[in-house]
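Participant: Following this message is one structure expressed as structure tokens.
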Amino acid sequence: MFESVLVANRGEIARRIIRTVQRMGLRAIAVYSEADADLPFVREADEAILLGPANPAHSYLDAAKVLEAARVSGAQAVHPGYGFFSENAVFARAVVDAGLIWIGPSPEAIERMGDKINARNLMEAAGVPVAAGTREPVTGLEEAVVAAAGIGYPVMVKTAGGGGGIGMGVAHDEAGLAKAFEQASRAASRFGGTPAILLERYIERARHVEVQILGLADGTVVALGERDCSVQRRHQKVVEETPSPGITPQLRERMLAAAVRAGEAVGYLGAGTVECLVDADKQDFVFLEMNTRLQVEHPVTELVTGVDLVEQQLRIAAGEKTGPAPAARGHAIEFRVYAEDPKRFFPGPGKIDIWAEPSGEGVRVDSGYAEGNTVTPFYDPLMAKLCVFGQTRQEALERARQAVADFKVVGPKDNLPFCAELLEHPEFVSGDYDTGLVARMRA
């Protein structure tokens, strides 16, 4: 086992990784921007190194500065968290070339799964179900019109590179296709990705369900259950739960087996997630994409399995053998607490005048801020993740209602009123919901 880890991230995920690194008796090194100097993760690390100004391009996304921080601090390993460099094969290679341990899958696996078209073709070859769609990059609207006619409307239009639902749109006809194609192309350019576009058959009543996998040091791939991430706004996840209340035991078994095959197909190492779309009516699923990193929603899997996924990442990266995957128990739900308007979901940063986290049996809060801190407009507005566990889904819902009511944030805007509203919504309470739930709530 290495002795020191540089955490190449910020906020709640940096704080969460630091906690496990230190619990394991290792030295945790933080990097931070000028805008984040007062955040808890900087104070709690064993050492913290300033990267530069608030602009991520000159701090968290400046590879040379991050690698220099690793060198001067004597770090032996680098953990990227999620976002930023977490799925950047070029940076992963640079870490390895610098003689450091990369806590994540190989750069080759990141590269192969980073392009959605390549990934779906690879998954299809491995026997993982995929939706009808384009097998080659689509670069022009005329080509897209022909492809959509072959697939059949409605179609989902998205960038071939990148993740997180950025630039995604649904087209029900040629006019809609032109609009969605332009939107996806703009997003690809804005975020520096490939200009290639992917078209897939759109599932009208879909659930977004993902499987947590671990690629072990001995080459084995195991699945640690699934998470339902169907509560989304603008194709971005807001609430996640496990187990999914919308799939049968038989479908769950098939999804977990397919996720293992997906990991084996790329020689996956460490924590990763195989994301799927489930047809709620047909009880069938197709591969969506693979996230070659730790997910924002990993705590719900930890709550039902008792497994510390960050610890597993560290041990696997060090080449240590790990035990068999434990059986899941109970039910867990995560609410992403954003500094945003609860009605229209627009960011609302600001200074935090009051920050009071809930506590109690079955309640876990992974936060990146404290009272007196300022949520700045430079980064994602995620402030914390409120997670609850219960022996049953009903118990988890009851604990969630109390925890949401007890969570007090004054200063920036927050989406806790939305969380409270969701917990009383008949569709969510019943468990019979899909990715269109939030849109229906705001119609």
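Each value in this text was obtained by applying a stated rule to the coordinates, not by laboratory testing. Quick caveat: nothing in here was measured; it's all calculated off a predicted structure. Neighbour counts are summed over all protein chains in view; Cβ atoms, including those assigned to glycine, are modelled from backbone coordinates with ideal geometry.
Participant: What nm value, rounded to one decimal, do you get for the distance between Ala149 and His172 when each label is placed 7 Å out toward the C-beta?
Facilitator: 2.2 nm
Participant: Further, regarding this structure: Label Arg261 and Arg23 with points 7 Å out from Cα along Cα→Cβ: what is the distance between them in nm?
Facilitator: About 3.5 nm, to one decimal.
Participant: Now, a different point. Which residue fluctuates most in the GNM of the chain (Cα springs below 10 Å): Pro105, Pro426, Pro53?
Facilitator: Pro426
Participant: So for the stretch 326-443, taking the charge dipole from beta-carbon charges (+1 Lys/Arg, -1 Asp/Glu), which of Leu397, Val438, Ala420 sits furthest toward the positive end?
Facilitator: Checking the options against the dipole of the stretch 326-443, the answer is Val438.
Participant: Contour minus end-to-end for Lys282 and Ser359, with contour as 0.36 nm per residue of separation and end-to-end as the Cα-Cα distance?
Facilitator: 23.7 nm
Participant: Stokes-Einstein D for the stretch 132-201 at 10 °C, 1.306 mPa s, Kirkwood Rh over Cα pairs, in µm²/s?
Facilitator: So the translational diffusion coefficient is about 139 µm²/s.
Participant: Can I ask one more? Taking each pair of distinct Cα atoms in the chain once, what is the resulting Kirkwood hydrodynamic radius in Å?
Facilitator: Kirkwood radius, the chain: 22.2 Å.
Participant: How high is the relative contact order of the chain? Use alpha-carbon pairs under 8 Å, at least six apart in sequence, and give a whole percent.
Facilitator: RCO, the chain: 14 percent.
Participant: Can you give the net charge of the other residues whose Cβ lies under 11 Å from the Cβ of Asp308, counting K and R as +1 and D and E as -1?
Facilitator: +2
Participant: Can you give me the long-range amide H partners of Ser4? Hydrogens built in the peptide plane at 1.01 Å from N, cutoff under 5 Å, separation of 5 or more residues or another chain.
Facilitator: Arg27, Gln76, Ala77
Participant: Roughly how big is the chain's charge dipole about its Cα centre, with Cβ charges of +1 (Lys, Arg) and -1 (Asp, Glu), in debye to the nearest 20?
Facilitator: Dipole magnitude for the chain comes out near 160 debye.
Participant: If you don't mind, there's one more thing I want to ask. Which net charge results for the neighbourhood of Thr248, defined as the other residues with beta-carbon distances under 11 angstrom from its beta-carbon, given Lys and Arg at +1 and Asp and Glu at -1?
Facilitator: 0
Participant: Per DSSP H run of n ≥ 4, the term is -39500 (n - 2.57); total these for the chain, divide by its residue number, and report the mean residue ellipticity at 222 nm rounded to 500 deg cm²/dmol.
Facilitator: Estimated from H runs of four or more residues: -10000 deg cm²/dmol.
Participant: Find the relative contact order for the stretch 132-201 and round it to a whole percent, using C-alpha pairs within less than 8 Å whose residues are 6+ positions apart.
Facilitator: Answer for the stretch 132-201 is 43 percent.
Participant: Rounded, prolate or oblate: pick one for the stretch 1-65, where a ≥ b ≥ c are the square roots of the eigenvalues of its C-alpha gyration tensor, a/c under 1.5 means rounded, and failing that, prolate if a/b is larger than b/c, else oblate.
Facilitator: prolate
Participant: What percent do you get for the relative contact order of the stretch 190-340 when only Cα pairs under 8 Å and 6+ apart count?
Facilitator: Rounded, it is 27 percent for the stretch 190-340.
Participant: Order of Glu253, Glu68, Glu340, Glu200 from fewest to most other C-beta atoms within 10 Å?
Facilitator: Listing Glu253, Glu68, Glu340, Glu200 from fewest to most nearby Cβ atoms yields Glu253, Glu68, Glu200, Glu340.
Participant: Now, a different point. Using the Cβ atoms and a cut-off under 14 Å, what net charge is assigned to the surroundings of Pro195, where Lys and Arg are +1 and Asp and Glu are -1?
Facilitator: Once positives and negatives cancel, what remains is 0.
Participant: Moving on to the next point. Write down, largest first, the equivalent ellipsoid semi-axes of the stretch 296-393 in whole Å, where each equals the square root of 5 times an eigenvalue of the alpha-carbon gyration tensor.
Facilitator: After diagonalising the Cα gyration tensor, the semi-axes are 30, 18, 12 Å.
Participant: Please list, in chain and number order, the residues 5+ apart from Ala131 or on another chain whose amide H is under 5 Å from its amide H, with Hs placed from the backbone.
Facilitator: Phe287
Participant: Take Leu382, Leu224 and order them by how many other Cβ atoms sit within 10 Å, fewest up front.
Facilitator: By the 10 Å Cβ count, ascending: Leu382, Leu224.
Participant: Among Met123, Thr139, Ala109, flag the residue with its Cα farthest along the positive direction of the charge dipole of the stretch 106-158, charges on Cβ as +1 for Lys/Arg and -1 for Asp/Glu.
Facilitator: Positive-most Cα among the choices belongs to Met123.
Participant: If you rank Ser230, Ser59, Ser359 by fewest surrounding Cβ atoms within 10 Å, what's the result?
Facilitator: The order, fewest Cβ neighbours first, is Ser359, Ser59, Ser230.
Participant: So how strong a dipole does the stretch 206-441 carry about its Cα centre when Lys and Arg Cβ are +1 and Asp and Glu Cβ are -1, to the nearest 20 debye?
Facilitator: Here the size comes out at about 240 debye.
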